[in-house]
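Worksheet: the structure to be examined is printed underneath.
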Amino acid sequence: MPIPEQNHNTTIPVVILSGFLGTGKTTLLKQWIQWSMEQGLKPAVVMNEAGEVNLDGQLLPADVAMKEMLNGCICCSMRGDFGLKLYELVQEEQPDIIYVECTGIAEPMELVDSITEISLYTNVVLTTIVTLADAKHLADLFLPDSGAASGKSSRKMLHLLQEQVRAAQLILLNKADLATADQLEAVKLRLREWNAGARIEVTRHAKVEPELWRSCIEAGGSLSAAEKPNPIAAEDHNHHHAHDTVTVWTYTMPRAVDSERFEQWLMSLPLNVYRAKGIVTFTDTTKRYMFQFAYRATEFVPITPQGDVKDVIVVIGEQMDTAAFEQSLLACE
């Protein structure tokens, strides 16, 4: 799999990884960073988290250059800072490729202007916007007989999901193993209504062929003209962001908790909670764990955090009763 040689006089491709909360962006990023390094390329990352701590950054290799953008959304309140972070990465690190992982509530098209502006005085070029979509989650939203109640809060985010899909040249319909064949076809039809020109790939665990990754990072790329960026006209774009009602609760865990009770606590979170993640210590194990909670499913991965990282929980949702969350956590000890 030959990769074009890159040096400091050539363009630096920028790939935006977008998608709603819990769709697999960091899993994809880890794979693409690994492939970059295996090909002798120097990757760098801009990591955006809506909360106060960069949890997903803990999953990346320690030697990968990273700029963190925390406690806000990269597409609106932190948009000016994004251009500065991108510029700093280029000047300080001279990477061969830059990956931008947006928070799950970002509208990626808002970043295009920032990257275009930076490209006027640095050698960066936006090559691809990749949007990951959760096949089962979208099936639950689109199909009334899917067997899952999406709730009003989930439907409020439909516009945001649409904006993320519309911005993409490549859509990964991820977690396909959790959906039926009929559900996948129905979701693909809806995605095609939202974005007729993007390439759609059905994936499990965000795994794609290396050739597809290669096409995404090539400056000037090998994606067809129909799959190139398709900016939304200014008069058509609604700057009242769909995520305006979303809030983030960050809670530092004072002590270890029981693993079974903690998982039960996660599963008891109301439907207006879209995502929870964090690092916790359990009283009944010897390891620390990073956990992910999305769409009523949990995942726990043993982790040795980089640096001095406290146990912390980040919960993202709408109209959350955080005092009740904290009180119920006490029962997990």
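General observations
- Residues of the range 154-185 with amide N under 17 Å of the 7 Å Cα→Cβ point at Glu299: 172-179
- Centroid-to-centroid, using Cα positions, the range 244-281 and the range 283-317 are 9 Å apart.
- Peptides 327-333, 90-96 ordered by packing proxy, namely the average of other Cβ atoms within 10 Å per residue, highest first: 90-96, 327-333.
- Fully extending the segment from Glu193 to Leu84, taken as 0.36 nm per residue of separation minus the present Cα-Cα distance, adds 35.7 nm.
- Above-threshold pairs, the threshold being 24 Å between Cα atoms, out of Lys25/Lys136; Lys136/Lys310; Lys67/Lys287; Lys136/Lys207: Lys136/Lys310; Lys67/Lys287
- One chain, two ends: Arg255 and Val112. Fully extended at 0.36 nm per residue, the span grows by 47.2 nm beyond their Cα-Cα distance.
- Between amide H atoms placed 1.01 Å from N, distances below 5 Å from Leu126 occur with Val14, all of them 5 or more places distant or on a separate chain.
- Couplings for the range 129-139, taken from phi via the Karplus curve 6.51 cos²θ - 1.76 cosθ + 1.60 with θ = phi - 60°, read 9, 9, 10, 9, 10, 8, 4, 5, 4, 5, 4 Hz in order; Gly and Pro are left as x.
- Residues His159, His137, sorted by accessible area with the largest first, give His159, His137 [1.4 Å probe; ligands and nucleic acids excluded].
- The calculated FRET efficiency for Thr180 paired with Tyr121, based on their beta-carbon distance and R0 = 35 Å, is about 0.10.
The values are calculated or read from the model by the stated rules, or taken from the named source; none is laboratory data. Note that this is a predicted model, so its numbers are computed, not measured. Neighbour counts are summed over all protein chains in view; Cβ atoms, including those assigned to glycine, are modelled from backbone coordinates with ideal geometry. Only protein heavy atoms, including side chains, enter the accessible area calculation; ligands, DNA and RNA are left aside. Shrake-Rupley method; radii C 1.70, N 1.55, O 1.52, S 1.80 Å.
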